[in-house]
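S.K.: Take a look at this one; I'll ask things after.
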Amino acid sequence: MTAPDDVRGAMLAAVPNLRAFAVSLCGDVDRANDLVQETLLRAWSHLESFEPGTNMSAWLFTILRNHFRTEYRKRRREVEDVDGGYAERLTAPEAQTGHVEFGELRKALLQLPPDQREALILIGASGFSYEEAAQICDCAVGTIKSRVNRARAKLAEMLTVETVEESEDTPDNGSDTLTSRVA
C-alpha cells in the first residue's frame, strides 16, 4: 500500500464505516461528519506513520477514536440544553414505526458507557473482529468481549428485549430471533 492511489482508495473505502462509527459515538450527524473529516486530514498528514501491510481501517478508526476522546475531554465542561427541552421542541415526532424504533435504539446506545458503546459498535455494526477491536481500543480481547456482552445485556434491558434463551421458558412463538415484549 505504498502507492498514493492505493492509500487514497483504502481511505475512501473506509469512510462509510468511519462515519457510522462517528455518529454512534457522538450522536450528532454534523459533528460526526466533522470528526470523519478531521480523521482523514490527520491520517493524510501523518501518512508516513502508517505501516504498509497493516489494516488501514483499524488505523483510521484509532485516529477517529482518539480525536473523539480529545474533543470529548474539551467539551465536557460545556453546557448545552441540559434538560433537552429545547431540542425536544425542535424535533418532529416520527411517523413510521421503524424510525421510532431506530430512535429508541439510538437513545439507548447513547445511554451506554462510552467504552461499552464503542466496543459494541466496532463489533456489531462495523464488523471488526474482537482482536481488531481490541487493537483499536488499545485493550485486551477479553476486555472487548466483556464490554460487548455488558452492552448487549444493558441494551436488551433498556429496550425490554428478551433473548432466545430467555424466551425458552415461554410458549414457542416460532421465532429464533430477538422478541420484543409488548406492554
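S.K.: Report the net charge of residues surrounding Tyr130, where surrounding means a beta-carbon distance below 11 angstrom and charges are Lys +1, Arg +1, Asp -1, Glu -1. Present the calculation step by step, with values, prior to reporting the outcome.
M.R.: Numbers: positive: Lys145, Arg147; negative: Glu131, Glu132.
Result for the local shell: 0.
S.K.: Once the Cβ-Cβ distance between Asp83 and Thr160 is put in as r, and R0 is 25 Å, what FRET efficiency do you end up with, to the nearest 0.05?
M.R.: With R0 = 25 Å, the Cβ-Cβ based efficiency is 0.50.
S.K.: What residues of the stretch 24-53 lie in the reach of a label at Glu131, counting those whose backbone N is under 20 Å from a point 7 Å from the Cα along Cα→Cβ?
M.R.: 51-53
S.K.: What full-extension length gain, to one decimal in nm, is calculated for Glu104 and Cys139 as 0.36 nm per residue of separation minus the Cα-Cα distance? Working shown, then result.
M.R.: On the way: separation 35, 0.36 × 35 = 12.60 nm, distance 2.96 nm.
Extra length from Glu104 to Cys139 when fully extended: 9.6 nm.
S.K.: Report ³J(HN,Hα) in whole Hz for each residue of the stretch 110-121, in order, from the Karplus equation J = 6.51 cos²θ - 1.76 cosθ + 1.60 where θ = phi - 60°; Gly and Pro get x.
M.R.: 5, 7, 5, x, x, 5, 6, 4, 4, 5, 5, 5
S.K.: Please give the length that would be gained between Ala13 and Thr54 if that part of the chain were fully extended, namely 0.36 nm times their separation in residues minus their C-alpha to C-alpha distance (nm, one decimal).
M.R.: Taking Ala13 through Thr54 to full extension adds about 13.2 nm, to one decimal.
Since every read-out is calculated from the coordinates, none of them should be taken as a lab result. Keep in mind that what you see is a predicted model, and the values were worked out from it rather than measured. Cβ: placed from backbone, ideal geometry, glycine included. Neighbour counts: every protein chain shown.
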